[in-house]
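Data block below; observations after.
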Amino acid sequence: MSTASVFERSDGRFVATELARGPWDPNALHGGAPAALLMREFERVPAPEGLSLARVTYELLRPIPVGPVEIQAEVARPGLRVQLLEGSISAGGSEVVRARALRVQAADAGDGAHADSPPPPGPAGGRPAKLNVPHRPMFAPDAIEIRFVAGAWGGGPSTAWFRLRTPIVAGETPSELQRLAAAGDFGNGISATLSWDDYTYVNPDLTLYIEREPTGEWICLESETRIARDGIGMSESILYDERGRVGRATQALLVAPR
Amino acid sequence: MSVQPVFEALDGRFVATALASGPWDPNAQIGGAPAALLARELERVPAPEGLVVGRLTYDFIRPAPVGPVEIRTEVTRAGRRVQLLETVMLAGGVEVIRARALRVAAADSGRAHSDEIAPPAGPQGGRTGVLPGLHRPRFATDAVEIRFIAGAFGGGPATAWFRLTHPLVADEEPTPLQRLAAISDFGAGLSGTLPREEYVFINADLTVYVEREPLGEWICLESETRIARDGIGVTESVLYDERGRVGRATQALVIAPRH
């Protein structure tokens, strides 16, 4: 793993580097970077034994600038079987991301548990992504590697594997959940149906449901974007690790002509 | 529609009637009833022109009792293209449900929209839903009519149409969003696979993504529950009206043996 990182630490704060940048604006972060950083903050909040993270909902309220950010997470509702956490990221004194995380007791269903759903073909045989790269460096492909196994960037329903190349926070190996959050925000990018040159389709939210914690470095998204004629755009991604299905990511989209 | 509402309005507060109750405890509301009432409160907050509700997320913090409840709602993030709303339901001064609604500008993609996904077979040919439970009246099937198209209650993957048969609040026609919220919480019960006598099986949350507002009274859930061997249970339901797909509901489950 490279020595560069998506966030650096400085005086108890985090500083987003250019490796955190998204495609829409050279000064604004990709949603996957703050999603992973908030995941890290949620993971640091102690949990009663036997609870696992079931859902994180991110509200991507405003563009997040490259540079210093402040982050906090706390227990909003303690409990032995269910714990609700709230977190936020601020930049320049204004809140830019708000998130809620739900931990629930791991299922104890005995023989009632289900077999793993098998994953798509693995990353080894995948094609490197041909990305629209409006500026460099950028979160994808500089901090995260992408390999397509079905479809292509921005060509409708697509399946791709993602792997962080750099730490989220300098000097730390990312946890599996941080890897999941970093990759989980790519559904609208890989499965876009509208021309990048003509439309914007930014996601103001991201919901991750996590059936089980992934293992290994690679996360796969099997993604589809739908735009309702008299409604909103929405991207849905089934999430896998190399063993099988681990959850689902969903994004509401703001679709508008440029 | 008969007169008896699911909630009685009283001096700015609401009283959950027996029609809001779940099947197992006559003193506890089923999730769909408060989900619909909170959707109603969220809808009453003015929105900039052109914004629609894209997502509702509910965290069911504690059992919501039948009886008086209060609701507090605020705009967390005001914007012309995105608006975030938060609301809480309290009972006896204690928070029982916390919810968020995300409003976004309706998609402006010219003619480049997706094809409608066709709905399952309609409610007319469905089988009347028979639900287990210990008391009457209750939300299902006394305030909600159910018609099964595939599967049966609690027997794994299932598809059923639902229709509110009582007003949520007296003398008001429920809105499409309220109907959707009332029905979306049925996925876990519909498609559960574990015997109720042996397992606690409850959803701690509910997320509803709304691709477009539903039309008409009937809402269909095509539901499946998956329980990871070394993880949690999750129920996913594709939501339809009689024209086609309108969204998706997801629920995280707490599953444990009763011993």
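Just a few scattered comments:
- Separation in nanometres of the label points that stand 7 Å from Cα toward Cβ, at A:S175 and A:T200: 3.3 nm
- Under 15 Å, Cβ to Cβ, from B:R258 - net charge with Lys/Arg +1 and Asp/Glu -1: -2
- Each residue of segment A:1-141 gets 159 Å³ once the volume of the Cα convex hull is shared out per residue.
- Between the listed residues A:L61, A:A4, A:A109, the Cα displaced farthest toward the positive end of the dipole of segment A:1-127, a dipole computed from Cβ unit charges relative to the Cα centre, is found at A:L61.
- Between B:E86, B:E49, B:E145, the GNM of chain B built on Cα springs shorter than 10 angstrom shows B:E49 fluctuating the most.
- Kirkwood-type radius of the protein assembly as shown, with distances r between different C-alpha atoms, in Å: 23.1 Å
- Among beta bridges identified by DSSP and lying wholly in the protein assembly as shown, the antiparallel ones come to about 95 percent.
- GNM top mover of B:G50, B:G32, B:G231 - chain B, alpha-carbon springs below 10 Å: B:G231
- Phi-based couplings in Hz for segment B:241-254 (Karplus 6.51, -1.76, 1.60; Gly and Pro marked x): 10, 6, 8, x, 5, 10, x, 9, 10, 9, 9, 8, 10, 9
- Residues with amide H under 5 Å from that of A:I144, placed H, sequence gap 5 or more: A:R165
- For the protein assembly as shown, with +1 on Lys and Arg beta carbons and -1 on Asp and Glu, the positive-most of B:V238, A:L37, A:A16 along the dipole: A:A16
- 15 Å beta-carbon shell around A:R77, net charge (K/R +1, D/E -1): +1
- Calculated [θ] (222 nm, deg cm²/dmol) that DSSP helices of n ≥ 4 give over chain B, each run adding -39,500 (n - 2.57): -3000 deg cm²/dmol
- The protection proxy used here, the mean number of other Cβ atoms lying within 10 Å of each residue, ranks peptides A:176-189, B:198-211, A:38-51, B:55-68 as follows, highest first: A:176-189, B:198-211, B:55-68, A:38-51.
- For the peptide B:146-158, the mean number of other protein chain Cβ atoms found within 10 angstrom of a residue's Cβ is 0.
- Mean projected area in nm² (Cα convex hull; one quarter of hull surface) for segment A:109-258: 10.3 nm²
- 5 angstrom amide H check on B:V246, placed H, neighbours 5+ away: B:L239, B:Y240, B:D241
- Using a simple spin-label model with pseudo-atoms 7 Å out from Cα toward Cβ, B:R13 and A:V45 lie 3.0 nm apart.
- Where labels lie 7 Å past Cα in the beta-carbon direction, separation of B:N27 and A:S10 in nm: 5.7 nm
- Length-normalised contact order of chain B in % [C-alpha pairs under 8 Å, at least 6 apart]: 20 percent
- Among B:Q124, B:Q29, B:Q83, residue whose mean-square fluctuation peaks in a GNM of chain B (springs only between Cα atoms under 10 Å): B:Q124
No value in this document is a laboratory result; all are computed from the given coordinates. Since we're looking at a predicted model, the values are computed, not measured. Neighbour counts are summed over all protein chains in view; Cβ atoms, including those assigned to glycine, are modelled from backbone coordinates with ideal geometry.
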